[in-house]
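Before any comments, here is the structure.
The values are calculated or read from the model by the stated rules, or taken from the named source; none is laboratory data. Quantities reported herein were computed from a predicted structural model and do not represent experimental measurements. Note that each Cβ is placed from the backbone with ideal geometry, even for glycine, and that neighbours are counted across all protein chains shown.
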Amino acid sequence: MGGVMKIVDHRLTTEFADNDWVDKSGGKFAPGLPDTVVIHYTGGGSLASALNTFKDPKVSASAHVLVDKDGRLVQLVPFDRIAWHAGISAYLDRNGLNSYSLGIEVVNAGKLEKSGSLYRSWFGRSYPEEEVVRAVHRNEEEPSYWERFTQEQIETVLNLCQALKNRYQICHILGHEEISPGRKIDPGPAFPLDKLRDRLLHDNRKDEQESGGETRISGVVRAQALNVRSGPSVNSPTIVQPLSRNTELQILDEQKGWYQVEVKVRGWVAGKFVEKISSS
């Protein structure tokens, strides 16, 4: 059973988050910081390879959190300390975003090259078509192929950013590609960055609903206790305490018998235990 995503003493304290501290930090943030989150992809094929890179003393790089394919988290640096994830970077009137931001690294291969019926990463792994997105990068003009992020990863990043926003004065959520254009292309167009930050920072859901862009369906829990998971699968980790009977919720999406719902966080529940009661 998972727990609510909480931050205590600048550390995640949830059952679906581990830690593997690395001694690569630029000291503590200045007062009032961090106020920015920067999202990256690892450019590799596994959590293990990313951990090996960050723990290598010869590599001058670190990040605050790694997000694995199944949505599980590994924290590497406490949130009150500067990590080395942004490199040469600028945004608005700032240079060197390490000093202002928290870095989230999501396990993903990034850009792929088509090879017959498969798609190959720079490190030689091949991916089937169902794990690939063809899309145009925000800093490019022609479409390319990208590894698809898992739904579990997207949900976890959303909930993590919400927890960080609740704890710190977060006012910017950016991609590495936006603070280092021409040098970096992550997280790329396969990650719904614009949608995520719009939801977290601008909350345009009400405007979408009023303009007819989104239909909101209410529901009520009919099970004694209902797990909320990071993705539409019994294998996805739970992200909050179970919902009790008669809990009201908003249904946002449906996939293969699962409802994406929103109470205090967004996650997935088994649809057979929820009764739809209205739409608006």
Test: Arg222 is in contact with a strand residue (DSSP E or B) (Cβ under 8 Å, 6 or more places away or on another chain), more than 30 Å from Glu131 (Cα to Cα) and modelled with pLDDT of 90 or more: no
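Return the residues of region 62-71 that are assigned to a loop (DSSP other than H, G, I, E, B) and within 23 Å of Ser121 (Cα to Cα); say none if nothing qualifies.
Initially, region 62-71 is screened for residues assigned to a loop (DSSP other than H, G, I, E, B), giving 62-64, 68-71.
Answer for region 62-71, where residues must be assigned to a loop (DSSP other than H, G, I, E, B) and within 23 Å of Ser121 (Cα to Cα): Ser62, Ala63, Asp68, Lys69, Asp70, Gly71.
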For region 83-160, list the strands (runs of 3 or more DSSP E) that sit wholly inside it and hold at least 1 residues that are under 20 Å from the mean Cα position of the chain (by Cα) and hydrophobic (A, V, I, L, M, F, W, C); which are they? 101-106, 132-136, 143-147
When residues of region 225-259 are limited to those that are touching a strand residue (DSSP E or B) at 6+ places or on another chain (Cβ under 7 Å) and hydroxyl-bearing (Ser, Thr, Tyr), the one surrounded by the most Cβ atoms within 10 Å (Cβ to Cβ): Ser230
Tell me whether region 164-183 contains one or more residues that are over 26 Å from Ser25 (Cα atoms) and in contact (Cβ under 8 Å) with a residue 60 or more places away in the chain. no
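Among Arg197, Arg183, which is the only one that is touching a helix residue (DSSP H, G or I) at 6+ places or on another chain (Cβ under 9 Å), within 30 Å of Arg81 (Cβ to Cβ) and surrounded by 14 or more Cβ atoms within 10 Å (Cβ to Cβ)? Walk me through it before giving the result.
Details: Arg183 fails: surrounded by 14 or more Cβ atoms within 10 Å (Cβ to Cβ).
Of Arg197, Arg183, the one residue that is touching a helix residue (DSSP H, G or I) at 6+ places or on another chain (Cβ under 9 Å), within 30 Å of Arg81 (Cβ to Cβ) and surrounded by 14 or more Cβ atoms within 10 Å (Cβ to Cβ) is Arg197.
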Restricting attention to region 101-116, does a residue exist that is over 16 Å from Arg148 (Cα atoms) and surrounded by fewer than 16 Cβ atoms within 10 Å (Cβ to Cβ)? yes
With the condition kept exactly as written, say whether any residue in region 77-98 is under 30 Å from Asn235 (Cβ atoms), among the aliphatic types (A, V, I, L, M), surrounded by 20 or more Cβ atoms within 10 Å (Cβ to Cβ) and out of contact with any helix residue (DSSP H, G or I) (no Cβ under 8 Å at 6 or more places or on another chain). yes
Take the residues in region 253-271 that are modelled with pLDDT under 80 and not in a strand (DSSP E or B), then tell me which one is nearest to the chain's Cα centre (by Cα). Val265
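Report, by residue number, each residue of region 72-82 that is under 11 Å from the mean Cα position of the chain (by Cα) and not in a strand (DSSP E or B).
Let us first name the residues in region 72-82 that are under 11 Å from the mean Cα position of the chain (by Cα), namely 72-73.
The answer is Arg72, and nothing else.
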Given the options Lys58, Lys69, name the one that is on the phi < 0 side of the Ramachandran plot and touching a residue at least 24 places away in the same chain (Cβ under 8 Å). Lys69
